[in-house]
Amino acid sequence: MLLPALLAVLAFGAVVASAAQAATAEGPFYKITGTRLLEGKTKEVTSKLKTGDTFRIENEIGVKVECRGESAVKGAKLLGSTGASSSTGEATLEFTECETAYVTRESSCDQDLGTIKTAALKVELGYTDSARTGDIAVVFVPVKGRLFGTLTIPTSGSCEATELPLEGDLAGLIESGHKLVTVGSEPAQSKTLEIHYPGKSEAFFEAGGKLTDTKTVLSDGPDFLPIGGLALEAGGAEWGVFT
């Protein structure tokens, strides 16, 4: 995704272009039907699992959870921004038709869990590079504290009652029209934006022209790695992420 004398000149030109992009990048921010969503404005969004995907969480000690459905709780929304500031949003996610299977040296378990609901989350757009270049990330951060959500496995058959608190942030990369959204080559607006999860990553958020960074990982001690992706829509409007 992410070549003799003429090539050297071309390479130098590419470096200059990248620097210019970095200098003029603002955001990242949302556009709805071609217009930037400004500070003080909101847009409600809905989400579902990408077609053919499940949402899976696995950890190093053998616990596996798989969910076949997902939706954002009603009220999830995009929040606008102005100038060199990253746009944000608010969401609480619900994963449905969930089941667990784990095998450890001590026990094994296989049962339905029903629904898993996250804590209230802040949704932040960010750069994946401190030079304000590269792919655009979206990060789900707990509004309060570090608790992202809790996996509760009740006692049933061979399953022992277990609670696994998931702490940290969940980062993904944004796609529009099945293409990654990248600074300087943002795809055209689309009715559906997709998020997929690369695992651990680093994202840089902008506020008033200054960047702060966060290393994003969702864990309960051993790393939990989410697998699967979300498809988001903004009321049927064409929309996208830009800089």
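The values are calculated or read from the model by the stated rules, or taken from the named source; none is laboratory data. Being a predicted model, the structure only gives us computed values, none of them experimental. Cβ placement follows ideal geometry from the backbone for every residue including glycine, while neighbour counts extend to all protein chains displayed.
Select from the range 72-117 the residues that are of a type in the set (D, E, K, R), more than 22 Å from the chain's Cα centre (by Cα) and surrounded by 13 or more Cβ atoms within 10 Å (Cβ to Cβ) and list them in ascending order.
As a first pass, look at the range 72-117 and keep what is of a type in the set (D, E, K, R): 74, 77, 90, 94, 97, 99, 105-106, 110, 112, 117.
Next, from what is left, pick out any that are more than 22 Å from the chain's Cα centre (by Cα): 99, 105-106, 110, 112.
Passing the criteria: Glu99, Asp110.
Please go through (1) among the aliphatic types (A, V, I, L, M); (2) at pLDDT below 90; (3) out of contact with any Cys (no Cβ under 7 Å at 6 or more places or on another chain) for Val141 and return the number of the only condition it doesn't satisfy.
(2)
Looking only at the range 176-193, count how many residues are assigned to a strand (DSSP E or B) and within 17 Å of Thr35 (Cβ to Cβ).
The qualifying residues number 3.
Being surrounded by fewer than 16 Cβ atoms within 10 Å (Cβ to Cβ) and touching a strand residue (DSSP E or B) at 6+ places or on another chain (Cβ under 9 Å) is the filter here; which residues of the range 176-190 pass it?
Residues satisfying the conditions are Gly177, His178, Ser185, Ala188.
Could you please let me know if Glu163 is crowded, with 19+ Cβ neighbours inside 10 Å and either more than 23 Å from Val45 (Cα to Cα) or not aliphatic (A, V, I, L, M) (or both)?
So Glu163 does not fit the description; no.
For the structure I just gave you, tell me whether Ser81 is modelled with pLDDT of 85 or more and assigned to a loop (DSSP other than H, G, I, E, B).
Numbers: modelled with pLDDT of 85 or more: yes; assigned to a loop (DSSP other than H, G, I, E, B): yes.
It is true that Ser81 is modelled with pLDDT of 85 or more and assigned to a loop (DSSP other than H, G, I, E, B).
Name every residue in the range 192-210 that is in contact with a strand residue (DSSP E or B) (Cβ under 6 Å, 6 or more places away or on another chain) and among the charged types (D, E, K, R), in order of residue number.
Hits for the range 192-210 are Glu194, Glu202.
State whether the residues of the range 111-132 include one that is modelled with pLDDT under 90, under 20 Å from Glu194 (Cβ atoms) and in a strand (DSSP E or B).
No, the range 111-132 contains no residue that is modelled with pLDDT under 90, under 20 Å from Glu194 (Cβ atoms) and in a strand (DSSP E or B).
How about the range 148-175: which of its residues are part of a loop (DSSP other than H, G, I, E, B) and of a type in the set (A, V, I, L, M, F, W, C)? Break it down stepwise before answering.
Going residue by residue through the range 148-175, those that are part of a loop (DSSP other than H, G, I, E, B) are 154-155, 157-158, 160-161, 169.
The answer is Ala161, and nothing else.
Search the range 9-50 for residues being within 13 Å of Gly184 (Cβ to Cβ) and modelled with pLDDT of 50 or more, and hand back the single one that is surrounded by the most Cβ atoms within 10 Å (Cβ to Cβ).
Only one residue tops the list, namely Pro28.
Across the range 150-180, which residue is farthest from the chain's Cα centre (by Cα) among those that are closer than 15 Å to Thr216 by Cα and not acidic (Asp, Glu)?
First, pick out the residues of the range 150-180 that are closer than 15 Å to Thr216 by Cα: 166-173.
Going one step further and asking which of them are not acidic (Asp, Glu), we end up with 166, 168, 170-173.
Working: Leu166: 16, Gly168: 13, Leu170: 6, Ala171: 4, Gly172: 3, Leu173: 6 Å.
Per the stated criteria, the residue is Leu166.
Can you pull out every residue in the range 157-205 that is closer than 24 Å to Pro142 by Cβ and of a type in the set (S, T, N, Q)?
Listed by number, the residues that qualify are Thr162, Ser201.
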